[in-house]
Amino acid sequence: MQLTLRIPKAVLDEAMGDLKRPHAFAYERVGFFRCRPTSDAGLVVVSGYDTVPDGDYVEDPGAGACIGATAIQSALQRILTHNTGQIHVHWHEHDGPTGPSKTDLRDQPRLVGSFQNMDDTLPHGIVILSNTHAWGVLLLPGKKRFQPIKKMSVVAGGIDFL
Amino acid sequence: MYPADQIDELKELCPGLCHFEEAGTGYLVLPAMEMPPGCQPAKVDMLLCPGGRDGYPSRLFFSEKIQTAKQLNWNALNFRIGERNWHGYSWRTPGGNLRLAQMVITHLSALQCN
């Protein structure tokens, strides 16, 4: 199955604009896409973006960005309140293909597992954006293994990624 | 005791998590938890009773009564548990296999207006 993540350009622009903002101490910013499954098992659609407020970052010299319990609680709450999956997203400041760091691979799958524990009928995952490309994996409903996103289609503005 | 993975998950929400038992009932204390938007105070201590009490499959108590636009039935006022006073509203979570973090978030969802 070729997994596609479809994202409105306006949402992507909102995310990029937010993630590129400097933070007082965090090297990177983090946000969350809201997403929903579709009748096509290979297609997940992004429906919105939520920023992580400045005060919800935790100083951690071992990570580019470390978010605290409040940001995690908010993401879990959105799953329940809005019935949307959560995709952890951050931006790597370069052109070309991108991918996860060791820290990304250590921390983010655990967090996404907690999202799935909250509601395993929704997709949840991780996306990393560069200036020109993206990398991502999703935990699809009922699945225990991450599935790579093969294609990210940006709608109402052309297809720019992957 | 509770499954370690569920405790670890709850610690992501509340690093200061601790546990005690009283009168044969287990409680989890979640200090200084952030409340959902629109709630006052914005931060309170919470007390989760995962094993059920008062006829509910689980209960979540608060160190202060929460002010919110949502009308709730605060049917537990000044309950004395663990040598502290706690307050709680009537909210029935789905029974069965909710994880600890799910219980907390499910209870908190009652406070949200949208």
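The values are calculated or read from the model by the stated rules, or taken from the named source; none is laboratory data. Every value quoted in this text rests on a predicted model; they were computed, and no experiment measured them. We place every Cβ from the backbone using ideal geometry, glycine too, and count neighbours over all the protein chains shown.
Considering each of B:Asp45, B:Asp5 in turn, give the residue that is part of a helix (DSSP H, G or I), over 16 Å from A:Gly68 (Cα atoms) and within 14 Å of chain A (Cβ to nearest Cβ).
B:Asp5
If you check A:Ala65 against the conditions, is it of a type outside the set (Lys, Arg), under 16 Å from A:Pro53 (Cα atoms) and not in a helix (DSSP H, G or I)?
yes
Considering only region B:64-78, how many residues are touching a Lys or Arg at 6+ places or on another chain (Cβ under 7 Å) and either within 14 Å of chain A (Cβ to nearest Cβ) or within 22 Å of A:Leu76 (Cα to Cα) (or both)?
Going through region B:64-78 one residue at a time, the tally reaches 0.
State the number of residues belonging to region B:17-54 that are closer than 17 Å to B:Thr106 by Cα and either exposed (fewer than 13 other Cβ atoms within 10 Å of the Cβ) or basic (Lys, Arg) (or both).
1
Of everything in region A:48-74 that's surrounded by fewer than 17 Cβ atoms within 10 Å (Cβ to Cβ) and out of contact with any His (no Cβ under 9 Å at 6 or more places or on another chain), which residue is farthest from the other protein chains (Cβ to nearest Cβ)?
Of everything passing the filter in region A:48-74, A:Pro61 is farthest from the other protein chains (Cβ to nearest Cβ).
Could you list, in sequence order, all residues of region A:129-146 that are over 14 Å from the mean Cα position of the chain (by Cα) and closer than 16 Å to A:Val45 by Cα?
A:Pro141
Out of all the residues in region A:63-89, which are hydroxyl-bearing (Ser, Thr, Tyr) and in contact with a Cys (Cβ under 9 Å, 6 or more places away or on another chain)?
Across region A:63-89, the qualifying residue is only A:Thr84.
Let's see how each residue does on (1) surrounded by fewer than 22 Cβ atoms within 10 Å (Cβ to Cβ); (2) free of Cβ contacts under 8 Å to residues at least 24 places away in the same chain; (3) basic (Lys, Arg); (4) outside any strand (DSSP E or B):
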position: A:Leu80; (1), (2), (3), (4): yes, no, no, yes
position: A:Gln86; (1), (2), (3), (4): no, no, no, no
position: A:Asp95; (1), (2), (3), (4): yes, no, no, yes
position: A:Ser114; (1), (2), (3), (4): no, no, no, yes
position: A:Thr132; (1), (2), (3), (4): yes, no, no, yes
position: A:Lys144; (1), (2), (3), (4): yes, yes, yes, yes
position: A:Lys151; (1), (2), (3), (4): yes, no, yes, no
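When only residues in region A:97-112 that are within 14 Å of chain B (Cβ to nearest Cβ) and either outside any helix (DSSP H, G or I) or not charged (D, E, K, R) (or both) count, which is surrounded by the most Cβ atoms within 10 Å (Cβ to Cβ)?
Restricting to residues being within 14 Å of chain B (Cβ to nearest Cβ) and either outside any helix (DSSP H, G or I) or not charged (D, E, K, R) (or both), the top hit is A:Val112.
Could you pull out the residue among B:Glu34, B:Glu12, B:Glu83, B:Glu64 that is at pLDDT 95 or above and of a type outside the set (Ser, Thr, Tyr)?
After ruling out the rest, the residue left standing is B:Glu64.
Pull up region B:79-114, narrow it to residues that are within 14 Å of another protein chain (Cβ to nearest Cβ), among the polar types (S, T, N, Q) and not in a loop (DSSP other than H, G, I, E, B), then point me to the one that is farthest from B:Cys49 (Cα to Cα).
In this case the residue turns out to be B:Ser109.
Determine whether A:Ser39 is assigned to a strand (DSSP E or B), surrounded by fewer than 20 Cβ atoms within 10 Å (Cβ to Cβ), at pLDDT below 95 and not aliphatic (A, V, I, L, M).
When the stated conditions are applied, A:Ser39 does not pass them.
Can you pull out every residue in region A:75-91 that is in contact with a His (Cβ under 9 Å, 6 or more places away or on another chain) and more than 14 Å from chain B (Cβ to nearest Cβ)?
Those that are in contact with a His (Cβ under 9 Å, 6 or more places away or on another chain) and more than 14 Å from chain B (Cβ to nearest Cβ): A:Gly85, A:Ile87.
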